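One structure below.
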Protein chains: 8
Amino acid sequence: MKAKVLIIMGSDSDLPVMEETGKLLEEFNVPYEITVSSAHRSPERTVKLVRDAEKKGVEVIIAGAGAAAHLAGVIASHTILPVIGVPIDSSSLNGVDALYSTVQMPPGVPVAAMAIGKAGAKNAAVFAVQIMGTKDPILTSALKDFKKKMAHEVLKKAKKVERA
Amino acid sequence: MKAKVLIIMGSDSDLPVMEETGKLLEEFNVPYEITVSSAHRSPERTVKLVRDAEKKGVEVIIAGAGAAAHLAGVIASHTILPVIGVPIDSSSLNGVDALYSTVQMPPGVPVAAMAIGKAGAKNAAVFAVQIMGTKDPILTSALKDFKKKMAHEVLKKAKKVERA
Amino acid sequence: MKAKVLIIMGSDSDLPVMEETGKLLEEFNVPYEITVSSAHRSPERTVKLVRDAEKKGVEVIIAGAGAAAHLAGVIASHTILPVIGVPIDSSSLNGVDALYSTVQMPPGVPVAAMAIGKAGAKNAAVFAVQIMGTKDPILTSALKDFKKKMAHEVLKKAKKVERA
Amino acid sequence: MKAKVLIIMGSDSDLPVMEETGKLLEEFNVPYEITVSSAHRSPERTVKLVRDAEKKGVEVIIAGAGAAAHLAGVIASHTILPVIGVPIDSSSLNGVDALYSTVQMPPGVPVAAMAIGKAGAKNAAVFAVQIMGTKDPILTSALKDFKKKMAHEVLKKAKKVERA
Amino acid sequence: MKAKVLIIMGSDSDLPVMEETGKLLEEFNVPYEITVSSAHRSPERTVKLVRDAEKKGVEVIIAGAGAAAHLAGVIASHTILPVIGVPIDSSSLNGVDALYSTVQMPPGVPVAAMAIGKAGAKNAAVFAVQIMGTKDPILTSALKDFKKKMAHEVLKKAKKVERA
Amino acid sequence: MKAKVLIIMGSDSDLPVMEETGKLLEEFNVPYEITVSSAHRSPERTVKLVRDAEKKGVEVIIAGAGAAAHLAGVIASHTILPVIGVPIDSSSLNGVDALYSTVQMPPGVPVAAMAIGKAGAKNAAVFAVQIMGTKDPILTSALKDFKKKMAHEVLKKAKKVERA
Amino acid sequence: MKAKVLIIMGSDSDLPVMEETGKLLEEFNVPYEITVSSAHRSPERTVKLVRDAEKKGVEVIIAGAGAAAHLAGVIASHTILPVIGVPIDSSSLNGVDALYSTVQMPPGVPVAAMAIGKAGAKNAAVFAVQIMGTKDPILTSALKDFKKKMAHEVLKKAKKVERA
Amino acid sequence: MKAKVLIIMGSDSDLPVMEETGKLLEEFNVPYEITVSSAHRSPERTVKLVRDAEKKGVEVIIAGAGAAAHLAGVIASHTILPVIGVPIDSSSLNGVDALYSTVQMPPGVPVAAMAIGKAGAKNAAVFAVQIMGTKDPILTSALKDFKKKMAHEVLKKAKKVERA
């Protein structure tokens, strides 16, 4: 099936974080591609991936990177597709550097920043589905189920804690 | 025309920032509603606004708030629509409190955080248009023009600086 | 015995921190209930817990949460009972995100923020007892004993260090 | 009428912030005393104020201080009354120093930290009323009215913004 | 005379900072070009400027940008010329965002980060001259004079302060 | 021999850090006492220790504490002896809370802040010796030897690295 | 009279802060010299000032500097006299850069860091007097009077606030 | 072969970081010397190393240091050679102290700051080669190969991730 989401990470060492995005997209049956490209070490490849994604009909691009995390911003500078950025905690600065580099984009070229690390990687998937859900009633319905399931999970955990 | 975007700000003192979102949506001819509701001072109203927005066919919700900026998160907890958060610099902490409160959402309930302040308010509009652009060729085309115009504006500024 | 304190944590992974609150309340013989509810994943449950607590005569609510820790604030928006917030260090940001999200509440809707982590979880219990102690001479007396015991503990530790 | 709340500020330069606490207590008809005492420049006076307050039947102590804001902590070390701390932004560090000095109390000696600055000063008053409200139905009722009024104020502001 | 240094700023609003670089290069008689190009709003132009600079024999590129300051990093990804980055304080975050975005580059693609703001803009010029000075005895000599003059300036200021 | 330096730590868990102070004082043959007292849990004991130290002829007081580290400040409020503060990294905030609580003292009541942790604990000893060295030629001489030894140690390490 | 304290500031622009040190030393009748020397722009002069100070019998050196405030550390590397550092808020980073550069000294070479800015400049004077007071009963007595006066000032301010 | 780069680290404990600089210089066949010297513990040695380096024809000096990392700045104050600074994460502050101490240099005395830790140590080597590459076509060519190799490495990693 044709990929609707493209996940790019700045380094293969980001995979343990960014595979969370893939797993959650699979739960929603959303086809995606996942690859590595660095804003700094492979800038041409990065632009080419964006151009190709547009041609292939990708609807949302998700970029995960750490340190001076320029990846999402560089992608956003080359496309009008929605770009979601996941700051990754891979330097000594706990991901604050990646967060600021991802979120503080100048007017006109937005990146949708998620939380630092795995929470953000998961939410990038959910947010991508929410974007696509604005025109796809099947995804809308899946999102509503997902929300109910989360509330239910809380209840189960509550029971466990209350009994402890 | 029916509003496609709902802009909620936590306080009327956020208007100078959040009106930037409105202005840019107007440039893209995207109908929107703008109002005030606090996550903390008017929680029922906030939930009601979200419920009504869903019924009215709003496609994206944008929330701007400062300090312990819970507004976007509270909204996201009640809807599966994409929620964009604009952290506002309204305490002594330069907006870092609002940024962290907006972006560090737990897995399952994403908020798309924009830059702190006016840059973020403008980008919230652009990102909302990008979301809607995934299914609307008129907006896609408008976004491409917008991108070209930005590049052109840079050129004009470059000329001015080079001559200075 | 009827619970006087309600402890809510945002996730069952917060239990190792928040059980410290429970332990200390037990030392003071203060009955409490402890459960899980997320501001974001189970918003309705959270509001219901607050409503029920008010009806059951709970006097103080303690909320522990990490990251964009909205839980205490969301609870405070729905009650006039004193709400104590414990920021938990559960993201890469060392609990600064949880602290700012908990303490920087807007005028009119206070949350009493405690220290990040276990120190705060313990102090939430002590502070709850201090609140109830303003009308309960048995608790007042217990708090005075507790204070004396702390000073005595310091003395014992001093002896050990002096001899080392 | 006998003061129920004692407000201490570390310096008379903190008055523009801490008078907000007084104003709000007046709205609730809660009698209070307000004075100046420094943890560092007048430590004996500070302890004496606390001792006297206990004897006079004060129920809550509110302390506002900036920089290395030890005032609330020093007070809490000498009393079992609930102590509320208001961090004040009076150094170049935007109040972060005052916040950390106020909130990061060790286990056993809690300070209830409010937001930095005027928001916190106002909330210190509300929280003090909430504490006293746990045993005073008149205050309970006043707090409920206060909450309704806040929600109503939001509505009025919303109208103004919607019409703008 | 052929430009040896290319100064690029992300926005014309950065000119008051970056003109300091130009002024100091003039003191050293080093020919330069100064222009505007955004990493995000005019990415193609930015790459083209770098390509042209290499062809024209530019030896050092200086980039000044604020917020998510990707400019220096994006330039460095496209050239092997030394790239000097000047973080500019143009958001609410006091330039910390620009500093982290500039300095935290991944292995293999260095940016030489200078101090935030005007101090950094001046030092970018001095550092560029130091780079070129490694092969140009006239610049070496000028740098030595510059250093002596600085020490002398300190002496003059010392006299003034001592007499005050 | 009569103690010239009094070392107080806020908790016995600070001993692994503060024993560094003791070790270095021993190298300089400076007699000291070391004990535990908390600014918050044993405030009377803390004041008594200070009063006794003054009477016994102690010349410098060193205080080590973490989190809301009020200990050095509280001691300084009760004496005119020089007080040296060692911020300890014992909360999730990496010692920044202890540093700010120690260093940001108000005008009139100084605390001499050292580096966070063991480096600071060692330097507290050296600084105490420097204070006493202003009137004791034996200590002056010992400090000069210490400085030479440090330079010599660097040389030995340099050799090892150069050969590696 | 022979100077007992040497005040060095990194730039004449630091004078409005560092003249506070001089004023307070005058209150204590402590002779001092005040001058300008940069760790970076006039390193030889800085070392020479330290050497001369030692020869002239100076007992304490106070250094005030902003940004990458190396001045106090560089001085401390060349002397065994007690060195007091005053971090000055002169960059966009609110003095945090100066604080960290001043306080985080490595083991063996202490700098006694004071608060950022004028509070620190005043306290540098008080701390210098405290150091000299350990061997000078006249200064001891003056410090005790100073402490009493401070407590008295607080009382006067308290009266004013209580009447307001 | 005569060393072209001098690497100085503040302590032998910095070797695991700074040996990365050496390894990468070897890849480029650039001769270097590596040694230890502290700005604070061996200031004379540090100045002598700089003077000798200048005489021996060293072209770039690289300094790695942690905490109050004055080393690069002190070196830069004594030479007009380009000085590259590598902030090292060796205190509890995650390297932020070292970063600020390295990068926030005053006008006239630049230090080229690299990323914190190993990424920065590697980039110091690459940047040194880029400086020397401005006059050495062999290095220019090697840098171009290095850049291509990096892009190729990304491709290989991408393949691995895509297949995973």
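For region A:27-45, the set of residues classified as of a type in the set (Ser, Thr, Tyr) and surrounded by fewer than 24 Cβ atoms within 10 Å (Cβ to Cβ) consists of A:TYR32, A:THR35, listed by residue number.
From the list F:LEU71, F:LEU25, F:LEU49, the lone residue that is more than 8 Å from every other protein chain (Cβ to nearest Cβ) and either free of Cβ contacts under 8 Å to residues at least 40 places away in the same chain or under 20 Å from G:GLN104 (Cα atoms) (or both) is F:LEU71.
When each of H:VAL129, H:VAL96, H:VAL86 is tested for being over 19 Å from H:VAL30 (Cα atoms) and hydrophobic (A, V, I, L, M, F, W, C), the lone residue that passes is H:VAL96.
The set of residues in region G:50-71 that are open to solvent by 10 Å² or more (accessible area, probe 1.4 Å) and small (Gly, Ala, Ser) comprises G:GLY57, G:ALA65, G:GLY66, G:ALA67.
Could you check how many residues of region E:106-115 are open to solvent by less than 10 Å² (accessible area, probe 1.4 Å) and over 19 Å from E:LEU6 (Cβ atoms)? Qualifying residue count for the region: 2.
All of E:VAL74, E:VAL86 fail the test of being hydrophobic (A, V, I, L, M, F, W, C), touching a strand residue (DSSP E or B) at 6+ places or on another chain (Cβ under 8 Å) and crowded, with 22+ Cβ neighbours inside 10 Å, apart from E:VAL86.
Can you pull out the residues in region A:28-42 that are within 7 Å of chain H (Cβ to nearest Cβ) and among the hydroxyl-bearing types (Ser, Thr, Tyr)? If you could, list the steps in order and put the result at the bottom.
Going residue by residue through region A:28-42, those that are within 7 Å of chain H (Cβ to nearest Cβ) are A:34-38, A:41-42.
Listed by number, the residues that qualify are A:THR35, A:SER37, A:SER38, A:SER42.
Put simply, of H:ILE34, H:ILE80, H:ILE61 the only residue that is at negative phi, in contact (Cβ under 8 Å) with a residue 40 or more places away in the chain and not charged (D, E, K, R) is H:ILE61.
Hey, any hits in region C:1-15 for a residue that's under 13 Å from A:LYS160 (Cα atoms) and of a type in the set (S, T, N, Q)? Yes - at least one qualifying residue is present in region C:1-15. For region E:5-19, a residue qualifies if it is within 9 Å of the chain's Cα centre (by Cα) and assigned to a helix (DSSP H, G or I), and exactly one does: E:MET18. Cβ-Cβ distances below 6 Å connect the following pairs, each with a first residue in region D:140-164 that is farther than 10 Å from B:ASP12 by Cα, a second residue that is open to solvent by less than 40 Å² (accessible area, probe 1.4 Å) and among the aromatic types (Phe, Trp, Tyr), and a separation of six or more residues or different chains: D:ALA142/D:PHE28. Considered as a group, the residues in region F:124-164 that are under 26 Å from H:ILE34 (Cα atoms) and among the acidic types (Asp, Glu) include one that is least open to solvent (accessible area, probe 1.4 Å), and that residue is F:GLU153. For A:LYS118, the conditions (1) within 11 Å of chain B (Cβ to nearest Cβ); (2) crowded, with 22+ Cβ neighbours inside 10 Å; (3) in contact with a Pro (Cβ under 9 Å, 6 or more places away or on another chain) are fulfilled apart from (2).
Kindly provide the set of residues from region E:92-118 that are of a type in the set (D, E, K, R) and more than 15 Å from B:LEU99 (Cβ to Cβ), ordered by number. Within region E:92-118, just E:LYS118 meets the criteria.
If the condition is being of a type outside the set (A, V, I, L, M), assigned to a strand (DSSP E or B) and under 16 Å from C:SER37 (Cβ atoms), then region C:61-111 contributes C:GLY64, C:GLY66, C:GLY85. Among the residues of region H:20-54, the ones that are over 15 Å from the mean Cα position of the chain (by Cα) and assigned to a loop (DSSP other than H, G, I, E, B) come to 6 in all.
Would you confirm, using the coordinates I've provided, whether E:LYS23 is under 27 Å from B:PHE146 (Cα atoms) and open to solvent by 10 Å² or more (accessible area, probe 1.4 Å)? So E:LYS23 fails the test. Do the conditions hold for H:VAL96, that is, is it more than 7 Å from chain E (Cβ to nearest Cβ), β-branched (Val, Ile, Thr) and either under 12 Å from the mean Cα position of the chain (by Cα) or open to solvent by 10 Å² or more (accessible area, probe 1.4 Å) (or both)? Yes, satisfied. Kindly evaluate H:LYS135 against the criterion of being of a type outside the set (Val, Ile, Thr), farther than 28 Å from G:VAL111 by Cβ, facing chain E (nearest Cβ under 9 Å) and touching a residue at least 40 places away in the same chain (Cβ under 8 Å). Taking the combined requirement at face value, the residue does not satisfy it. Only residues that are of a type outside the set (D, E, K, R), assigned to a helix (DSSP H, G or I) and farther than 26 Å from H:VAL17 by Cβ were counted across region H:121-150, and they come to 4. Taken as a whole, the condition of being closer than 30 Å to A:SER92 by Cα, facing chain G (nearest Cβ under 10 Å) and in contact (Cβ under 8 Å) with a residue 24 or more places away in the chain does not apply to F:ILE88.
The values are calculated or read from the model by the stated rules, or taken from the named source; none is laboratory data. Everything numeric in this text was worked out from a predicted model, so none of it was measured. Counting neighbours? That spans all protein chains shown, and the Cβs are built from the backbone with ideal geometry, glycine included. Side chains included, ligands, DNA and RNA excluded: accessible areas come from the protein's heavy atoms. Shrake-Rupley method; radii C 1.70, N 1.55, O 1.52, S 1.80 Å.
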